[in-house]
Every structure is written in structure tokens, then in C-alpha cells.
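The values are calculated or read from the model by the stated rules, or taken from the named source; none is laboratory data. Since the model is a prediction, treat every value here as computed from it, not as a measurement. Methodologically, a virtual Cβ is constructed for each residue, glycine included, from the backbone with ideal geometry; neighbour enumeration extends over all protein chains shown.
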Amino acid sequence: MRVMVAGAGVWGAYIADHLVEQGHEVVVVEQQAAVAARERERGGRVVIAGDACEPSVLDRAGLQAVDTVVAATGDDEDNLVVSLLAKRSYGVPRVVARVNNPKNAWLFTQDWGVDTAVSAPAILTRLLDAAAAGSRVTDLDLPQRSVVVAVVRGEQVLPGGGSDPLEPGDEVLAVTALDAEPALRQALGGQAGGSHTPGS
């Protein structure tokens, strides 16, 4: 599968690394030259320095031959523009977009070219419930399309798939689809609600 990732910040770089590890063909578009150079050094991917909101840059990225676009910049407006261009101008079959501000989640629809909107793309949930505390992440019944990226414990950052049991007060960094967010919060013992909930 050929995937274009727009944005090479923390989340874009993480997504690109994961895709490369899975054997996919990855093109990363990053506006900041220094960040693009750093991403290029990681290897295994094509990196284009430029604004993914510009059709000329998307042409250079070969968007006509891309199967999936991941709009992962830190700006919701940019992610919507990239999504709309990818779907309407280039006919990309699948577009996944990062929602940075939960209040903007209602915009991330097929009308804007978004097939899947991912909350933030992370939820930071503080463990409050003993149901999750004491369990390992791998033992939790997480909803589909959800993955725990890391567990923050004080000054420590532990891998999401680690063998340490969760403790009360841990902060869990997870990636999920918007409609799965309430179930993920419940599985982790976090506060109710979700970024897709109207008025939240």
C-alpha cells in the first residue's frame, strides 16, 4: 500500500515509522525544512519539503498513485484542506485525518473528504478506576481501532505494550477512532465523555 502522511511532527513521524515497519510505501510531506530533513534521515520513506495544502506539492508527492492519505498535521484547517484535496482533486480512496481540537470534530466528515477522523490523534486519559489499575494493557478489552501508545507514570514514559501493570494515576496515551473513544475511556477507567460528543 502506498500512503502519504502530511505532517512529520511527533504523530506524523510515529505513523510513518509504523507504516514503514509494516512494509508500506510511505511518502511524507512536511512544511518545515529542518523537520523534513530529520524525517529523511530516518530512512525507508520519501520525504518532500513543502506545504501539503498546495496542489503542486501534492503533485510532487505523486498523490495520483496513493492508496491512503493521513492528514496528521498539528492544524485542523490544514488537515481538512489536505483531506478535501486528496479526495476531491486526486480521488484518493481512503483519507484519515487527525482532529487536534475536539470542538472541530463535527467538521471531519465525508463532506470534507474525511473517511476516518481520529481524535487528536490521541486521548490522554488518567486512570481513576481500579478495574484498569493492576492490569496490563495487553489484558484489557480495548475496542477495535484502538491502540495504547504509551503510559506516562510520573517522569517515566513506558511503552504501551509493556508488561508493567497499570497503576492508579497513570496517564495513558492512546489512539482511537472518534466513535470508539467512549468505549476506550471506559476500558481504561477514565472519565466519561469523548471528543466527538456534541458540546464537549
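So, in segment 77-106, how many residues would count as being modelled with pLDDT under 95, part of a helix (DSSP H, G or I) and surrounded by fewer than 21 Cβ atoms within 10 Å (Cβ to Cβ)?
Selection size over segment 77-106: 4.
Please indicate, with yes or no, whether at least one residue in segment 112-132 is surrounded by fewer than 22 Cβ atoms within 10 Å (Cβ to Cβ) and at pLDDT 95 or above.
Within segment 112-132, one or more residues are surrounded by fewer than 22 Cβ atoms within 10 Å (Cβ to Cβ) and at pLDDT 95 or above.
Look at Leu188 and say whether it is surrounded by 15 or more Cβ atoms within 10 Å (Cβ to Cβ), of a type outside the set (Ser, Thr, Tyr) and either under 30 Å from Ser83 (Cα atoms) or at pLDDT 85 or above (or both).
When the stated conditions are applied, Leu188 does not pass them.
Looking only at residues that are without any contact (Cβ under 8 Å) to a residue 40 or more places away in the chain and β-branched (Val, Ile, Thr) in segment 37-76, which one is surrounded by the most Cβ atoms within 10 Å (Cβ to Cβ)?
Val47
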